[in-house]
Amino acid sequence: MLEETNKIQNKKYYIRMILFLTLSILINIAVNRFVGYMGLPLYLDNIGTLIAAAVGGYLPGIIVGYVTNIVNMSGNPDNAYYAVISVFIAVAGTYFAKRGYFDKFQKCLFTIPVFAIIGGAFGSVITYLMYGFGTGEGISAPFAKELLESGKLSVFEAQMISDVTIDLIDKAITVIIVFFILKMLPQALKASLKMTGWQQAPLSEEALAAVSHNDTRSVSLRGKIVMIISLIMIFVAIVTTTISYLLYHNFAVGEYTNTGISVAKLAASVIDGDRVDDYISEGDALEEYRKVENSLYSIKSTSEDIEYLYVYQIKEDGCHVVFDLDTKDLEGDDAGTLIPFDESFSEYIPDLLAGKDIDPIVTNDTFGWLLTDYEPIYDSTGKCVAYAAADIQMKKVTLNGISFLTRVASLFMGFFMLILVFCVWLADYRLIYPIAAMTLSARKFAYDSEEAIDVSVARLNNLNVHTGDEIENLYESLSKTIAETVGYIEDVKEKGAELAHMQNGLIYVLADLVESRDKNTGDHVRKTAAYVRLILAKMKEKGVYTECLTDAYIEDVINSAPLHDVGKIKVSDIILNKPGRLTDEEFEIMKSHTTAGNDIIASAMALVSDSGYLKEAKNLATYHHEKWDGSGYPSGIAGEEIPLSARIMAVADVFDALVSRRSYKKPFTFEQAMDIIREGAGKHFDPKLAELFIEAGDEVRKIAEEHEKMNEDNI
């Protein structure tokens, strides 16, 4: 059901996006055609492009800009070559929109020079190169020609100034129109027109920012994709462009050669070989000479590619002019003029003198880089008496080649940007975002509490990756692995809880064994443990020694409290159960239970890799008889030198001893015991802990009464 709903929503989304892109393209075309119809010197063909870029993002903007130029080819085929400009405007428009430049009117005005430079300067370079280093055609051409006629600017400068000036006005109007259209669009509509391709639950802005700034050891996955696509397309472009240029160049040279041959042959056909000597000697004094010359001019005019057309008689002393047509820049030589052989012709002179056919030749001499075709002129006896020659400037091949390369490069760059952005868009939504979402979920996965685990599992499950490929398989495997891991962790926690419960039980069994030897202590270990728990709770509540009070520390102290008298197991029963006061010697033996406890727990710690609570058990057993003023035993340390756990136990141990009945004494009243704790603050006890204990008097009394009642019930 969910999958079917997603399909319906996706279908509606793509229909909406197609309509949006189509409308944006129609806006470009309609406004451009309108200003053209009105005869205005403007383009206004990027309004829809900027709207698509600002609302939809890079890909919609590029699609609209590129397709607009392709569609406009119907009116002018050269529009296709300017598609790259629309693509760059779309990229710049998206960049500015993402940074809020279209949110405020004053700010959007700063984008105008950028768009004018892209459209005007870059467009001017394309125009300059594409039209053979001329002013070309189009809206800016008349203005460029006027600037050029002033005589102060080069062709390139005139074209550049013209294009940038017109584009500043054009892009100013475009940006202002786009700004107000964007302001009128509802925010919800703009959000629905952003081109996305989620194959999962959409990422938040925060998550997208994290993905964009994700640290990697080397190049990011997106960077690698961009590099691979770029390298492949650049390699293909270089190979195909090179092949295309070579084919074009060879074709152009072939066409020029055919033109030269045709013109030279036609020229040779109108000349009477028997009258060549008369033409040389009398020139335009002959009416027939003038007629032939006019025919040659007519022949030359049939092709604008012909630079020079002339007829030479080749002799040992050089070239004797028969006909030499004037050109726009150069006046032809008179008939009979002797022109010495140019050095570049040296290898062809023997064949020319012999009247042989000469293949078209390329020379670079006094008259420039020329492709020349020589066609022999024969007299009635079949003897070669002269040659008709047609010269074509080879620089035209070069200039047309540059124009060809410019057109190819423009087409490729626009298409390259479209394909690159489309591939990156696909990679983002079908590869990078799903992987990044799984990575972020895995990094944020927390095991410190059941609630955190539930939140982490829900976060992963809610990704709903449905790319339908290996990425989805990876997601399902990750989800399954996490679920199994969580289950395993829950099992481990249960086993750990059981072990901890068993451990605590064993501790109390051990403490009971020690306690059972001392008939004077009763339920001492359980009561002291309860007092220790209370003191720790009050410390946390009041903020006393909070730098030490981690959850793990509190747990360790509570669990190890029953072991504080474990050293008594090494003290003689006689001394432990003596009804009267101990002698000094006996008391020394009794005091040794602290060091004995230290040794016992140290031995236990040596048997395990993780000492855990035993560290605090060792502190409790060793130092719980130390006093704040340093008069305690076994080490005589004072103040905060005494471990905190031992200072806590000191209060609990003394209080319980005071209020408990012993064979050698009656119990103190609750009030008397509290007075003794109060008097011992700063001497026997840590004053902060003593104060907390006294403040919690009601709770202390409740613990004491509960344990007294338990003892009575057991009796």
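The values are calculated or read from the model by the stated rules, or taken from the named source; none is laboratory data. The shown structure was predicted, so the numbers you read here are calculated from the model rather than taken from an experiment. Don't worry about glycine lacking a Cβ; one is built from the backbone with ideal geometry, like all the others, and counts go over all protein chains shown. Surface accessibility is based on the protein's heavy atoms, side chains included, excluding ligands, DNA and RNA. Shrake-Rupley method; radii C 1.70, N 1.55, O 1.52, S 1.80 Å.
Of the listed requirements (1) charged (D, E, K, R); (2) open to solvent by 40 Å² or more (accessible area, probe 1.4 Å); (3) out of contact with any strand residue (DSSP E or B) (no Cβ under 8 Å at 6 or more places or on another chain), Lys395 misses just one: (3).
Among the residues in region 31-46, are any in a helix (DSSP H, G or I), in contact (Cβ under 8 Å) with a residue 60 or more places away in the chain and charged (D, E, K, R)? For region 31-46, residues in a helix (DSSP H, G or I), in contact (Cβ under 8 Å) with a residue 60 or more places away in the chain and charged (D, E, K, R): absent. Quick check on Ser262: is it open to solvent by less than 30 Å² (accessible area, probe 1.4 Å), part of a helix (DSSP H, G or I), on the phi < 0 side of the Ramachandran plot and modelled with pLDDT of 85 or more? No.
Okay, residues lined up against (1) in contact (Cβ under 8 Å) with a residue 60 or more places away in the chain; (2) within 28 Å of Ala354 (Cβ to Cβ); (3) part of a loop (DSSP other than H, G, I, E, B); (4) open to solvent by 40 Å² or more (accessible area, probe 1.4 Å):
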| site | (1), (2), (3), (4) |
| --- | --- |
| Ile228 | no, no, no, yes |
| Thr242 | no, no, no, yes |
| Tyr245 | yes, no, no, yes |
| Phe251 | no, no, no, yes |
| Gly254 | no, yes, no, no |
| Thr257 | yes, yes, no, no |
| Val292 | no, yes, no, no |
| Ser298 | no, no, no, yes |
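Please specify each residue of region 103-129 satisfying the condition of being open to solvent by 10 Å² or more (accessible area, probe 1.4 Å) and hydrophobic (A, V, I, L, M, F, W, C). Answer for region 103-129, where residues must be open to solvent by 10 Å² or more (accessible area, probe 1.4 Å) and hydrophobic (A, V, I, L, M, F, W, C): Phe105, Leu109, Phe110, Ile112, Val114, Ile117, Ile118, Ala121, Phe122, Val125, Leu129. What about Leu26, is it open to solvent by less than 30 Å² (accessible area, probe 1.4 Å) and either within 30 Å of Phe416 (Cα to Cα) or of a type in the set (Lys, Arg) (or both)? So Leu26 fails the test. Does region 543-560 hold any residues that are charged (D, E, K, R) and either open to solvent by less than 50 Å² (accessible area, probe 1.4 Å) or over 44 Å from the mean Cα position of the chain (by Cα) (or both), and which are they? Those that are charged (D, E, K, R) and either open to solvent by less than 50 Å² (accessible area, probe 1.4 Å) or over 44 Å from the mean Cα position of the chain (by Cα) (or both): Glu555, Asp556. Scanning region 39-62 for residues that are open to solvent by less than 40 Å² (accessible area, probe 1.4 Å) and closer than 17 Å to Phe422 by Cβ yields Thr49, Ala52, Ala53, Gly56, Gly57, Leu59, Pro60, Gly61, Ile62. Residues satisfying the criterion are present in region 231-239 (criterion: closer than 26 Å to Leu411 by Cα, at pLDDT 80 or above and surrounded by 14 or more Cβ atoms within 10 Å (Cβ to Cβ)). For the residues Asp656, Asp675, the requirement of being among the acidic types (Asp, Glu), at pLDDT 90 or above and assigned to a helix (DSSP H, G or I) singles out Asp675.
A quick yes/no check of all residues on (1) of a type outside the set (Gly, Ala, Ser); (2) more than 29 Å from the chain's Cα centre (by Cα):
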residue: Lys11; (1), (2): yes, no
residue: Tyr14; (1), (2): yes, no
residue: Met17; (1), (2): yes, no
residue: Leu21; (1), (2): yes, no
residue: Ile27; (1), (2): yes, yes
residue: Ala30; (1), (2): no, yes
residue: Val35; (1), (2): yes, yes
residue: Met38; (1), (2): yes, yes
residue: Leu42; (1), (2): yes, yes
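Listed by position, the helices (runs of 4 or more DSSP H) enclosed by region 356-467 that each have at least 1 residues that are closer than 25 Å to Gly61 by Cβ are 395-427, 433-444. When you look at Asp326, is it farther than 15 Å from Leu296 by Cα and either of a type outside the set (Ser, Thr, Tyr) or surrounded by fewer than 16 Cβ atoms within 10 Å (Cβ to Cβ) (or both), yes or no? The answer is no for Asp326. Residues in region 264-301 that are β-branched (Val, Ile, Thr) and touching a helix residue (DSSP H, G or I) at 6+ places or on another chain (Cβ under 7 Å): Val270, Ile271, Ile299. Take the conditions within 30 Å of Leu129 (Cα to Cα) and open to solvent by 60 Å² or more (accessible area, probe 1.4 Å) and apply them to Val31. Does it pass? Against the criterion (within 30 Å of Leu129 (Cα to Cα) and open to solvent by 60 Å² or more (accessible area, probe 1.4 Å)), Val31 does not qualify.
Take the residues in region 435-464 that are among the polar types (S, T, N, Q) and modelled with pLDDT under 80, then tell me which one is least open to solvent (accessible area, probe 1.4 Å).
Out of the qualifying residues, it is Ser456.
What pairs come out if I take residues in region 339-350 that are part of a helix (DSSP H, G or I) and pair them with residues that are among the acidic types (Asp, Glu) whose C-beta lies under 7 Å away, six or more apart or interchain? Short answer, once both residue conditions are applied: Ser344/Asp365. Please verify whether region 309-323 includes one or more residues that are of a type in the set (A, V, I, L, M), in a loop (DSSP other than H, G, I, E, B) and open to solvent by less than 40 Å² (accessible area, probe 1.4 Å). No, every residue in region 309-323 fails to be of a type in the set (A, V, I, L, M), in a loop (DSSP other than H, G, I, E, B) and open to solvent by less than 40 Å² (accessible area, probe 1.4 Å). Close contacts from region 487-498, counting a first residue that is surrounded by 10 or more Cβ atoms within 10 Å (Cβ to Cβ) and in a helix (DSSP H, G or I) and a second that is at pLDDT 70 or above and among the aliphatic types (A, V, I, L, M), with Cβ to Cβ under 8 Å and a gap of 6+ residues or different chains, come to Ile489/Ile453.
Going through (1) within 26 Å of Pro643 (Cβ to Cβ); (2) of a type in the set (D, E, K, R); (3) touching a helix residue (DSSP H, G or I) at 6+ places or on another chain (Cβ under 7 Å) one by one, Glu555 falls short only on (3).
Would you check if Ile471 is over 41 Å from the mean Cα position of the chain (by Cα), at pLDDT 85 or above and of a type outside the set (D, E, K, R)? Taking the combined requirement at face value, the residue does not satisfy it. Can you tell me which of (1) out of contact with any strand residue (DSSP E or B) (no Cβ under 8 Å at 6 or more places or on another chain); (2) assigned to a helix (DSSP H, G or I) is the one Glu304 doesn't meet? Answer for Glu304: the failing condition is (2).
Would you confirm whether any residue within region 659-669 is in contact (Cβ under 8 Å) with a residue 40 or more places away in the chain and assigned to a helix (DSSP H, G or I)? Quick ask: steps written out before the conclusion?
Restricting attention to region 659-669, the residues satisfying the condition of being in contact (Cβ under 8 Å) with a residue 40 or more places away in the chain are 659-664.
From what is left, the residues that are assigned to a helix (DSSP H, G or I) are 659.
There is at least one residue in region 659-669 that is in contact (Cβ under 8 Å) with a residue 40 or more places away in the chain and assigned to a helix (DSSP H, G or I).
Just to be sure I understand, how many residues within region 148-181 are at pLDDT below 90 and open to solvent by 30 Å² or more (accessible area, probe 1.4 Å)? Qualifying residue count, region 148-181: 14.
Identify, by number, the condition in (1) assigned to a helix (DSSP H, G or I); (2) open to solvent by 20 Å² or more (accessible area, probe 1.4 Å); (3) modelled with pLDDT under 90 that Asp278 doesn't meet. Answer for Asp278: the failing condition is (3).
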